[in-house]
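Each remark here refers to the structure printed beneath this line.
The values are calculated or read from the model by the stated rules, or taken from the named source; none is laboratory data. Quick caveat, the model's predicted, so the values are computed rather than measured. Neighbour counts run over all protein chains shown; Cβ positions are idealised from the backbone, glycine included. Ligands, DNA and RNA are excluded from the accessible area calculation, which covers all protein heavy atoms including side chains. Shrake-Rupley method; radii C 1.70, N 1.55, O 1.52, S 1.80 Å.
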Amino acid sequence: MVKTLDKVDVVTVGVGWAGGIIASELGKAGVKVVGLERGENRSTEDFQMVHDEYRYAIRYDLMQDLSKETITFRNNPGETALPMRQFGAFLIGTGVGGAGTHWNGDTWFFSPYDFEIKTMTDKKYGKNKLPKEYLIQDWGITYDELEPYYEKFEKMAGTSGELNPLRPERTRDYPTPPMKSTPMLDRFEKAATNLGLHPFRLPSANISEAYTNPDGQTLNQCQYCGFCEKFGCEYGAKSTPNVTVIPTALKTNNFELRTHANVVGIHHDGKRATGVRYVDVQTGEEFDQPADIVVLTSYTVSNARLLLLSDIGKPYDPNTGTGVIGKNYCYHITPVVTGFFKDKFNASMGAGSLGTTLDDFNNDNFDHSDLDFIHGGSITMKQLGKRPINENAAPKGTPNWGKEFKQKSIEYFNRSIPVTSQGTSLPHRNNYLSLDPTYKDAYGNPLMRLTYDFTEHDHKLHDFISERCAEILHEMGADKVETRDLMEHFDIVPAHNDHITGGVIMGEDPETSALNNYLQMWDMDNVFVIGASAFPHNGGYNPTGTVGALAYRAAEGILKFKEKDGQLVKAKDSSRA
Amino acid sequence: MSDEKKAPDLSRRKFIKNSGYVAGGAIGGGILTSLIGTSVWNGDQKTAPETTTNNADSYNRALMYFRRRKDFEILSAATERIFPEDENGPGAIALGAPYFIDHQLAGGFGNNEKEYTRGPFSEGTDYQGYQSPLKRHEIFSAGIQAMERESQENYGTSFVDLEGEQQDKILQKFQDNKVKMKHVSSAYFFDQLRTATLSGVYADPLYGGNANMDGWRMKEFPGSQMSYIQQIESEEFIDIEPSPLKDHL
Ligand SMILES: Cc1cc2nc3c(=O)[nH]c(=O)nc-3n(C[C@H](O)[C@H](O)[C@H](O)COP(=O)(O)OP(=O)(O)OC[C@H]3O[C@@H](n4cnc5c(N)ncnc54)[C@H](O)[C@@H]3O)c2cc1C
Ligand code: SF4
């Protein structure tokens, strides 16, 4: 029997960065919010035994329980999708704080070019720069419009960094100075400068000095402990929802956090949502939570899946190119070029976003007239803190087991370091999300089906950026420089990148997008869908800064909507508007 | 494979043959050390008091998963070829990796906890990942039997009695997916065995491998340090005595 609960103003599905920001902003404004989170609660105290590579980085202790729910995957619409039975190419978080609890902390802001990519590409390179299968489109918002929300996110998160010489439109300083540097990062900076490039310190959520944010939450100084990404921080020095927006929301007394609550559907009458159904994952009991406003903050997979399961919005069909839910699924193309050095450095010391980066080959910062791709990626050297089970880099030709492997992987543990990129991923007609016809989750609902393959564009961009990474490593004096090839087809097994985006995208036209620029659904006024699921493409930077900015903007939108019902944005001239 | 790998290595062969007795508890850590004849990794016995649970004679050096000693010996021999004892220091056996794997197979790892195990099952393409109905512990058991079968068929003797290079040939066949196994590829089994071995070599000693933190010492990895804020900017490489998680309790 389903138990119906008392109605609330707002319910959020998932309590990570997006859910936490909504809860804190609405809570501060006096709005009653219930946050439903499928995982458990956790705080800094949960991470006293966290320096355990096996538990967290091999067995993925903090990640989604795939026995309950996973995705299915195929490379193209002609294949039968099969379940992702174990984690591989990307990880998905769970629990209060979401993946924000164990992210690295690279805190970026997308470029003006990203938000108007279609207009600007057409203008500079003509309408035929890309084949028409690539569904790039403007985001329905400009960088200048989003900038105040980036500021809110960074001030809340205490981001440590310095200005990017190639992003002059930003003049605002970071709340805290850049992190300490290391000899390796200094060498990277010097080499890049010698090559005429413009390196600067990676904007980071591993906070460089104690910082109290405008909500009164204090972050401690990062200790460079080397167990950061995939781990929680035992110092409260990593900016996570758990030490910022969630305690802020709870402090308002307007936010109720309900854990072990897995949402399985959204109730609606075709025009408006009326609430959500959830299952208590510990007892199996079912509940209906009525709400005036439903906010999906459950990450890319769940955001799109809950809409499809609940029959909200028109599903995308790759054959006709019509529909929007599931469309423009994107990823991050990740060149990895490893430098092997003769001398040792302190490779075990580091932090999740301790790095130096450059933007010379990102956005439209270089001329693409003679290149057969657009955009690019930030190029970064990071000193994460190496850990021994996973880190066994050895020069090519070394077997991956046996005597020589042992010798080389030990020799190079403190003598190798990669330069990597977050390579832009453009939407392609055949890369999309839909419901699986066969496989079900623990509650009997269809799994999300991912249809995805690397595109020609990905390969070109990857190879170009890899060469640039290699040039820097050569200039650094690396003894050997080795590039990882991009597999011909995307493979669900080897770790590649954790940033999966799209599926419920924002835009200016309801024919080609699901959300307006407040992340309010065009098709259902009282549903807001927040996350990287809203990205029409994935730019050359890590996504979360932009997720945070969009969440702050959506919070403002929700407050406006509470004042005055209806669409917050007028759709661009389209047949439906 | 390197030339080095093909060179016969009698001392190691003897070592691996003897390794079978580890299961029976006949060889203690100290004896192993002298058998291998190098003390590189043993330089700091002070940090490994008698009572440590990571000494080879500690109580957790018994079998939780494997029922037959022989299976454990085959597993042990295979891990030692993946991560052999050499001039850098101990191999998988001396580090306790086989016990680590045994214990892991008895728990969540062996039983595919937190993995999607519902059907229907079909093989899939090369890009769709693991698709077998078998649990990991079943794959290890089947893989060990298949190693023994390969050995008997090709050399007429048990895997544990083979020369190191013969064992390597068999393992290579598994890695190259050239051994038939039911419902799972031999390459997948090999990959799991390799990762499990490295985990047993390098995971925190709390799991029963990485004895005396010698896996870490070889890699000059300091284990679980609380903070590097004082050292992070150092131009020099800093030698740091490793610290295990038990020091955090
Ligand atoms: C290892 C790792 C490192 C990363 N590093 C970086 C980085 O350096 N920089 C960067 O920009 N990004 C990084 N990311 C990505 C970043 O973590 C995400 O972009 C960010 O956490 C997204 O926030 P979110 O709130 O949208 O989603 P999440 O943080 O994923 O939160 C969603 C929440 O919803 C819950 N949920 C899902 N479905 C349901 C349901 N049906 N019912 C109830 N609850 C549900 C989940 O349990 C989860 O808690 C990293 C990700 C990983 C995995
Ligand atoms: S590296 Fe810094 S931010 Fe990351 S977990 Fe360690 S102390 Fe926390």
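Residue farthest toward the positive end of the dipole of chain A, with Cβ of Lys/Arg at +1 and Asp/Glu at -1: which of A:Pro165, A:Ser348, A:Thr322?
A:Ser348
Quick check: convex hull over the Cα atoms of segment B:157-249, volume per residue in Å³, rounded to an integer?
Per-residue hull volume (Cα only) is 177 Å³.
Find out how many positive minus negative residues lie around A:Lys190, taking Lys and Arg as positive, Asp and Glu as negative, among other residues whose Cβ is under 15 Å from that of A:Lys190.
For residues surrounding A:Lys190, the net value is -3.
How far apart, in nm, are two points set 7 Å out from the Cα along the Cα-to-Cβ line at A:Thr438 and at A:Asn400?
2.7
For segment A:7-563, what does the relative contact order come out to in percent, with C-alpha contacts under 8 Å and a separation of six or more?
It rounds to 23 percent for segment A:7-563.
If you average the alpha carbon positions of segment A:242-307 and of segment B:76-144, how far apart do those two centres end up, in angstrom?
38
Which pairs, out of A:Lys314/A:Lys440; A:Lys403/B:Lys219; A:Lys7/A:Lys32, put more than 20 Å between their alpha-carbon atoms?
In this structure, A:Lys314/A:Lys440 exceed 20 Å between Cα atoms.
Which lysines, if any, have their Cα less than 18 Å from the Cα of B:Lys246, not counting same-chain residues under 8 positions apart?
Those lysines meeting the cut-off are B:Lys46.
Put A:Met49, B:Met147 in order of accessible area, largest first, 1.4 Å probe: what do you get?
I get A:Met49, B:Met147, largest accessible area first.
Tell me the relative contact order for segment A:305-356 as a rounded percent, counting alpha carbon contacts under 8 Å between residues six or more apart.
Dividing the mean separation by the residue count of segment A:305-356 yields 19 percent.
Report, in debye and to the nearest 20, how large the dipole of chain A comes out about its Cα centre when Lys and Arg carry +1 and Asp and Glu carry -1 on their Cβ. Write down the numbers at each step before the final one.
Values: 60 positive and 76 negative charges, 118 e Å.
Dipole size: approximately 560 debye.
Suppose R0 equals 22 Å; then what is the FRET efficiency for B:Lys135 and B:Ala187 from their Cβ-Cβ distance, rounded to the nearest 0.05?
0.75
Once the principal axes of the Cα atoms of segment A:7-563 are found, what is the range along each, listed largest first in whole angstroms?
The principal-axis extents, from largest down, are 66, 54, 50 Å.
Could you compute the longest span of chain A free of trypsin sites (Lys or Arg not before Pro) located in DSSP loops and having at most 10 other Cβ atoms within 10 Å, not counting the site residues?
Here the longest run is A:397-563.
Of all accessible surface on the protein assembly as shown at a 1.4 Å probe, what whole percent is carbon and sulfur?
Reported share for carbon and sulfur atoms: 48 percent.
What FRET efficiency comes out for B:Asn177 versus A:Leu166 if R0 is 51 angstrom and r is the Cβ-Cβ distance? Round to the nearest 0.05.
Result of the calculation: an efficiency of 0.60.
Let me spell out the model: positive unit charges on the Cβ of Lys and Arg, negative unit charges on the Cβ of Asp and Glu, origin at the Cα centre of segment B:126-249. What dipole size does that give, in debye rounded to 20?
The calculation lands at about 840 debye.
In Å², and per residue, what accessible area does segment A:7-563 have when probed at 1.4 Å with the other protein chains present? Could you put the intermediate results ahead of the total?
On the way: 17110 Å² over 557 residues.
Accessible area per residue, segment A:7-563: 31 Å².
Please identify which residues in segment A:206-237 have an amide N closer than 20 Å to a label point set 7 Å out from the Cα of A:Glu151, following the Cα→Cβ vector.
Residues A:212-217 qualify, since their backbone N sits under 20 Å from the label point.
Do any GluC sites (Glu not before Pro) in segment A:6-101 lie in a loop, going by DSSP, with at most 13 other beta-carbon atoms within 10 Å of their beta carbon, and if so which?
Here the sparse-neighbourhood loop sites are A:Glu40.
How big is segment A:380-493 in terms of Cα radius of gyration and Dmax, in angstroms?
18.9, 56
In degrees between 0 and 90, to the nearest 10, how far off the longest principal axis of chain A does helix A:544-563 point, with axes built from Cα atoms?
20
For segment B:124-137, what does the Karplus curve 6.51 cos²θ - 1.76 cosθ + 1.60, with θ = phi - 60°, yield as ³J(HN,Hα) per residue in whole Hz, taken in order and with x for Gly and Pro?
x, 8, 5, 9, 9, x, 5, 9, 8, x, 6, 7, 4, 5
Alpha carbon centre of segment A:383-441 versus segment B:182-242: separation in Å?
17
Cross-link partners among lysines for A:Lys155, C-alpha distance below 21 Å, same-chain residues fewer than 8 apart left out?
Within the straight-line limit of under 21 Å, A:Lys155 reaches these lysines: A:Lys28, A:Lys180, A:Lys238, A:Lys251.
List the residues of segment B:211-227 for which accessible area in the full set of protein chains is at least 50 Å² lower than for the chain on its own; 1.4 Å probe, protein heavy atoms only.
Residues of segment B:211-227 that lose at least 50 Å² of accessible area once the other chains are added: B:Lys219, B:Phe221, B:Met226.
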